[in-house]
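Novice: Would you mind keeping the following structure in view while I ask a few things?
The values are calculated or read from the model by the stated rules, or taken from the named source; none is laboratory data. The structure presented is a predicted model; accordingly, all values stated were derived computationally and were not measured. So basically every Cβ, Gly included, is an ideal-geometry build from the backbone, and we count neighbours across all protein chains shown. For the accessible areas, the whole protein counts, side chains as well, though only heavy atoms, and no ligand, DNA or RNA atoms are used. Shrake-Rupley method; radii C 1.70, N 1.55, O 1.52, S 1.80 Å.
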Amino acid sequence: MSLGSRLVNVLRGARLNREIDEELEAHLVEAIAEGRDPVEARKALGSALRHRERSRDVRLVSWLESLRADTVYGWRQLKNNKVASAAAILSLALAMGASTSAFRLMDGLLLRPLPVAEPERIHVVAFEGAGADGKLMTYDSSSYPMFLQMRSAVKEQAELIAVSYEDRVDLTYGSDQEMEKEYLQYVSGWMFSSFGLHPALGRLLSESDDLKPGANPYAVISYDYWTRRFGQDPEVIGRSFRVGDTGYQIVGVVEKGFTGTETGTLTSMFVPTMMKNPRTLASSNHFWMRTFVQLKPGVQVAPVQEKLRAVFRGIQEERAKTFVGMPKQRLEQFFSEKLIVEPAAAGRSNLQRDYKRALTILGAVVALVLLMACANVANLMTAQAAARAREMALRVSIGAGRWRLVQLILVESAMRAFLAGIAGGLFAWWAAPFVVSKINPPDDPAQLLLPADWRILGFGLALALLVTLLFGLAPALRASAVKPVSALKGGEDPHSRRRLIHALIAAQVTFCFLVLFVAGLFVATFDRLSHQPTGFSADRVLNLETVTVVAQPPAYWGQVAEQLRSVPGVESVAIVGWPLMSGESWVNFISIHGAPANEVFSDFLSVSPGWIETMKIPLVDGRDFRREETYPPAAIVNQAFANQFFDGADPVGKTIETVDGASLTRVGFQIVGFVQDARSRDNMRLPIRPTVYVPFRAIDASGALQSKNRGTFVVRTSTANPLALASLLRQEVPRVRPEFRVNRIRAQVEINLAHALRERLLATLALFFAIVALLLAGVGLYGVLHYSVLQRRREIGIRMAVGAQAGSVVRLVSVEVFTMVLLGAVAGLALGMVSVRYIEALFFQVQATDLTMLAFPSLSILGVALLAALRPVMHAVRIDPASMLRAE
């Protein structure tokens, strides 16, 4: 027996067996009644099992034959209605492609498990507490001493694994002039064995490699990096590279597929955590790594979490002893932090945190667009069913069963869905990687694995089945319920069909309103974020982020800056600790006149003389730093600082204090300058904080100048495109002082724009889906109005013949449809107001009740409805009554 037959046997088991058994029993009873021996009769009839199999095979062949015939007939129907079929397939393809693209993104970022053994047992330690703005936030960073204490506490129930945040480092296999940028992670030596990973070449790190600081400078590289950088050269084992002043030897290549735990980043190199800076390893206040928890088989999360919480409370109490001068409220917030253990089967990354809710919302928007497309096609098929009513009646009259007609319509629907699925799959193949390429800045793009494997194929098949049922099942059931006598006399009640079509129109408008409503919020958010004032001029500013292997004295930094000023095309040069809005920060609490520290964080930033002028930050009072001034005690503050600590009064000449994080002693400052607010942090949603600028030249407790191994040369050029000088300036820095090397060059405009990348991407995608939704709504409205005019043209002709005016004809054909549009808009508004509570965290200073937020979808739908109604209405008022009466 064929595989297909056996499959059908499984699907049609119980009922078919009963029918065959009943028939055999009837023949047996008849034979016995005729006087035959029961045993002989049973032998003559043969095996019941064989009869069952033969009957099933006959039914299978019959079903396959009917399926083939329906497919041929369905293809003929698609060819006979080319325009309508093409419109249906195109709208479905767009919606299905968008749905598949959204799933690929969500799968690659949030759902796809790490390629490790039993990923469902992997969790991560996170912490919930109040952020700097007082709002609840979650972070997942830990210090290494904290990690060691937690690991020891739960070693019987789980294995803890330390994994640093991905670090985009400069490394070289030769000289400093041959630097390359790659992602590197510091990991526990036992990570690979715990995850069940194997080497593709060489060996992997082990626990013995991660016991003593700096003792084992070994590295394991990813299969992807080995292929991309070395062409899978087996001689890579033993090669050495250098990061800063630390050399590493490559000892192995991890198996294919594993690229780290930072989803959205392909980590190239893994080194032991013990190779981290010893001061960082020993600090309880330096949070630089994630703590992964791998539960042992059979262990539940809850008891492990409780043990870790107990350890965390003890750690917090010890840390609090070092917080001299911390305000009482901040101390209470510190102790209110709660440890939680969260699932991390798909890895853990900031990209997941930033895009999880946004992708969920976009997924909902895509689902609405898909429903709109299905409603469109369902409307089309319902309208076509009117023209095919007599055909269906004839089929029923000659013996076709109800489920035979359902199969006929569903086969046509499946063909539309199949063709749309192919086109949508091609769209998704291009769209998902394109969206990923727009997530991060071009010089540091996000990297997501988006394989077209069984997961994507399974989703595509399930989607095609769902779409077939969504738009095909209702028309199929309606067509199968046709009454031959009624259909042959002129058809069923047209009002019932119109009611179904109008209900679908109302649903379409509801979905369209929701899509437009959310798109409007996304666009308004991006617009307001991108127009937030920064307080400085980013035009023509280039940031040369520079590092040195060994810390260099301030005089050497000054020499490099002086040389850069002499480069043609350079207008001014200054030095800053890091570029404005680059994501780095240094915060502290402020004390006035020896009072307890204020509970408000203040930002600190080290700058050289001339930096304020270079960035075009207006000086309100006082002066800039002098060349000989140091940190401490000189300081310049901004307007927000004056408002917070001096009630807006001029602070020049006044003194302030902070608590030094290293010595835990109070440090005094004299305010020498007062400037307007300038945004230093990268979160455009938060107000500008009180900011203290201190000299780049710093002294230690003994009064000696401190050397620095990193800083940023801020160059304002006289040319419109500052990047034109990037190559020349990069070469000029080491030419003056060979110890210096430019690590990264970024235009300030580029840094500013990067902070609205997510909002720009979301606004673009939402606007695209809004346009698609409007097109679908327009096509649907046009189709319904056109169908309405065609169905009622005789009625319209008669009305016009007895004196009806054009206005009454317009109302006749459009009032029901526009009533459904209004109802759909009201329903969409209600649903939008309810759903916005979930998505409001993504929006910035945008109120869902703003008139503009309500007017955008309302006016858009109204405009599309009027355009869609124009042609059908014009056709209605031009109907010739005489011709209709003659036809009657």
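Novice: What is the residue count in segment 499-532 for residues that are over 22 Å from A756 (Cα atoms), in contact with a Gly (Cβ under 9 Å, 6 or more places away or on another chain) and not aliphatic (A, V, I, L, M)?
Specialist: 5
Novice: Now for a separate question. What's the total number of residues in segment 325-344 that are assigned to a loop (DSSP other than H, G, I, E, B) and touching a Lys or Arg at 6+ places or on another chain (Cβ under 8 Å)?
Specialist: Going through segment 325-344 one residue at a time, the tally reaches 1.
Novice: Something else now. Go through segment 30-43 and give me each residue that's hydrophobic (A, V, I, L, M, F, W, C) and either at pLDDT 70 or above or out of contact with any His (no Cβ under 9 Å at 6 or more places or on another chain) (or both).
Specialist: Hits for segment 30-43 are A31, I32, A33, V39.
Novice: Residues to consider are P687, P651; find the one that is within 25 Å of M581 (Cβ to Cβ) and at pLDDT 90 or above.
Specialist: P651
Novice: For segment 520-540, what are the residues that are part of a helix (DSSP H, G or I) and open to solvent by less than 20 Å² (accessible area, probe 1.4 Å)?
Specialist: Answer for segment 520-540, where residues must be part of a helix (DSSP H, G or I) and open to solvent by less than 20 Å² (accessible area, probe 1.4 Å): G520, L521, F522, A524, T525, L529.
Novice: Could you grab the pairs with beta carbons closer than 7 Å, sequence gap of 6+ or different chains, first residue in segment 340-355 and in the same structural domain as G264 (by TED's automatic domain parsing) and of a type in the set (A, V, I, L, M), second one surrounded by fewer than 15 Cβ atoms within 10 Å (Cβ to Cβ) and in a loop (DSSP other than H, G, I, E, B)?
Specialist: Once the first residue is in the same structural domain as G264 (by TED's automatic domain parsing) and of a type in the set (A, V, I, L, M) and sits in segment 340-355, its partners that are surrounded by fewer than 15 Cβ atoms within 10 Å (Cβ to Cβ) and in a loop (DSSP other than H, G, I, E, B) give A345/P113; A346/P113.
Novice: Another question about this same structure. Scan segment 545-585 residue by residue and report those that are among the hydroxyl-bearing types (S, T, Y) and open to solvent by 10 Å² or more (accessible area, probe 1.4 Å).
Specialist: Those that are among the hydroxyl-bearing types (S, T, Y) and open to solvent by 10 Å² or more (accessible area, probe 1.4 Å): T548, Y556, S566, S572, S582, S585.
Novice: With over 23 Å from K307 (Cα atoms), in contact with a Gly (Cβ under 8 Å, 6 or more places away or on another chain) and surrounded by fewer than 21 Cβ atoms within 10 Å (Cβ to Cβ) as the only criterion, which of M137, M106 stands out?
Specialist: M106
Novice: Looking at (1) at pLDDT 80 or above; (2) open to solvent by 40 Å² or more (accessible area, probe 1.4 Å); (3) not acidic (D, E), which one does P494 not meet, given that it meets all the others?
Specialist: Looking at each condition in turn, P494 falls short on (1).
Novice: While we're here: When the residues of segment 399-433 are filtered to those that are open to solvent by 50 Å² or more (accessible area, probe 1.4 Å) and at pLDDT 85 or above, which remaining residue is nearest to Y183 (Cα to Cα)?
Specialist: Only one residue fits best here, namely P433.
Novice: Assuming K307 fulfils every condition listed in (1) within 30 Å of S206 (Cα to Cα); (2) under 32 Å from the mean Cα position of the chain (by Cα); (3) modelled with pLDDT of 90 or more; (4) surrounded by fewer than 19 Cβ atoms within 10 Å (Cβ to Cβ) apart from one, which condition is it?
Specialist: (2)
Novice: Just one of (1) closer than 30 Å to L105 by Cα; (2) part of a helix (DSSP H, G or I) trips up T259, so point out which.
Specialist: (2)
Novice: Something else now. Considering only residues of segment 221-254 that are assigned to a strand (DSSP E or B) and touching a helix residue (DSSP H, G or I) at 6+ places or on another chain (Cβ under 7 Å), which is surrounded by the most Cβ atoms within 10 Å (Cβ to Cβ)?
Specialist: V254
Novice: Pick out the one residue from E120, E128 that is open to solvent by 20 Å² or more (accessible area, probe 1.4 Å) and modelled with pLDDT of 95 or more.
Specialist: E120
Novice: Another question, if that's okay. Looking at S702, S718, which is the one that is hydroxyl-bearing (S, T, Y) and touching a strand residue (DSSP E or B) at 6+ places or on another chain (Cβ under 9 Å)?
Specialist: From the options S702, S718, the qualifying one is S718.
Novice: Being open to solvent by less than 60 Å² (accessible area, probe 1.4 Å), touching a residue at least 60 places away in the same chain (Cβ under 8 Å) and not polar (S, T, N, Q) is the requirement here; does D453 meet it?
Specialist: no
Novice: Next question, about the same structure. Only residues that are among the aromatic types (F, W, Y), more than 21 Å from R151 (Cβ to Cβ) and touching a Ser or Thr at 6+ places or on another chain (Cβ under 8 Å): list them for segment 169-222, please.
Specialist: Y173, Y183 - these are the residues of segment 169-222 that are among the aromatic types (F, W, Y), more than 21 Å from R151 (Cβ to Cβ) and touching a Ser or Thr at 6+ places or on another chain (Cβ under 8 Å).
Novice: Another question about this same structure. Considering only segment 582-611, state which residues are touching a residue at least 24 places away in the same chain (Cβ under 8 Å) and among the aliphatic types (A, V, I, L, M).
Specialist: Hits for segment 582-611 are V587, I590, I592, A597, V600, L605, V607.
Novice: Now for a separate question. Cβ-Cβ under 6 Å, sequence separation 6+ or interchain: first residue in segment 197-209 and assigned by TED's automatic domain parsing to the domain that holds V254 and touching a residue at least 24 places away in the same chain (Cβ under 8 Å), partner surrounded by fewer than 19 Cβ atoms within 10 Å (Cβ to Cβ) and assigned to a loop (DSSP other than H, G, I, E, B). Which pairs?
Specialist: L197/E255; H198/E255; A200/E255; G202/I237
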